[in-house]
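Here is the structure we will look at.
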Amino acid sequence: MLSEIILPIFNPQKYIIEQMQSIYSQTHQCYNLTISDDLSTNNIQDLLKLTKTEKFKLNLFRQNTRLGIINNINFLLKKSQHNYLFFCDQDDVWLPHKIEISLKKMQYMEAEYGKTTPILIHSDLIVVDQKLNLIHPSFRQYQNLDPNPPKLLPRLLLQNFVTGCTMLINKPLKDLVTPIPSEAIMHDWWIALTAAALGKIAYIPEPTVLYRQHQQNSIGARKWNLSYILSRLNNIEKIRSDIQKTIIQAQKFRQTFQEQLSTEQLDVIDTYINLPNQPWLTRKYLMIKKGHYQLGKLKNLGFFCCT
């Protein structure tokens, strides 16, 4: 199965050398790597020389103007010519079997649901510090996430639990999501919403990535506990702003796919969009009835108080 890895980069540090070496060391070697440099100020060519290989074709594009992460992803999606597409970050480390077990899961899902079905595969991660020292063996446990909620689409409208650097998607899903709109909070969230509504999502409980945490992380992993919840509740306006972003994303998602969504799915999305306009008790009732809540009472505290 010939697949492609897409890697958007911007001012990569030395971490990219370890990332590239981990890609070269995969047990499955049938892939191409396409990199889009979003107008870095450091010399990416020097870094890539340190990781030169003859194992596969490497395509490098350098942008003339800053695109930002979502538009840089859109550029890579448009350039992609293969049936299976991996997403990669510039500062992580892939475990040797990542490609192999992800493709096996994809094969299983396509055998079950057909090759024309849009499919997303994602996995757990190992959380490490900048020197790759262990922080936690499971990102899912570290952040108290449920990758297999009983109500997938309602949960994804308010919370993303698909980590982009573990994702593998097939061409039918790539064609559906391209281009990702500016209203999307992050590319992985939009892709996960699309797969949940119009395709299938499969989770691999085994970690496939060392998820490096450092000061330059754009998102990162934060341990979800009472201390973190209380710190969040001290900034109610930030919580409300984050919730509003999810509503804007839901509105755009409905607009984009309304002709392909079922009546039930449209009702779920409309309910979420209109939650802020409902009386308090009605909001709480609808959130529970439709599945617009997160795993764990602590996680829902801020959401219930601020919607």
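Okay, here's what the table says:
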read-out: Members of the stretch 62-102 found to be closer than 15 Å to residue 26 by Cα, in a helix (DSSP H, G or I) and not small (Gly, Ala, Ser), listed by number; value: 98, 99, 100, 101
read-out: Residue pairs meeting the criteria (Cβ under 6 Å; at least 6 apart or on separate chains; first over 18 Å from residue 83 (Cβ atoms), in the stretch 25-38; second surrounded by fewer than 20 Cβ atoms within 10 Å (Cβ to Cβ) and among the β-branched types (Val, Ile, Thr)); value: 37/44
read-out: Residue match in the stretch 222-235 (condition: in contact with a helix residue (DSSP H, G or I) (Cβ under 8 Å, 6 or more places away or on another chain) and at pLDDT 95 or above); value: no
read-out: Residue match in the stretch 93-102 (condition: within 19 Å of residue 204 (Cβ to Cβ), at pLDDT 90 or above, crowded, with 19+ Cβ neighbours inside 10 Å and of a type in the set (Asp, Glu)); value: no
read-out: Test result for residue 239, modelled with pLDDT under 65, under 24 Å from the mean Cα position of the chain (by Cα) and closer than 28 Å to residue 180 by Cβ; value: no
read-out: Criterion (on the phi > 0 side of the Ramachandran plot and not acidic (Asp, Glu)) met by exactly one of 158, 95, 132; value: 132
read-out: Residue 148 modelled with pLDDT under 95, on the phi > 0 side of the Ramachandran plot and not aliphatic (A, V, I, L, M); value: no
read-out: Inter-residue pairs, beta-carbon under 7 Å, first in contact (Cβ under 8 Å) with a residue 24 or more places away in the chain and in the stretch 124-138, second in a loop (DSSP other than H, G, I, E, B) and of a type in the set (A, V, I, L, M, F, W, C), 6+ apart; value: 127/221
read-out: Segments classed as helices (runs of 4 or more DSSP H), wholly inside the stretch 128-221, with at least 2 members that are under 13 Å from the mean Cα position of the chain (by Cα); value: 187-198
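The values are calculated or read from the model by the stated rules, or taken from the named source; none is laboratory data. A quick note: this is a predicted structure, and the numbers were derived from the prediction, not measured. With ideal geometry, Cβ positions are generated from the backbone for all residues, glycine too; neighbour counts draw on all protein chains shown.
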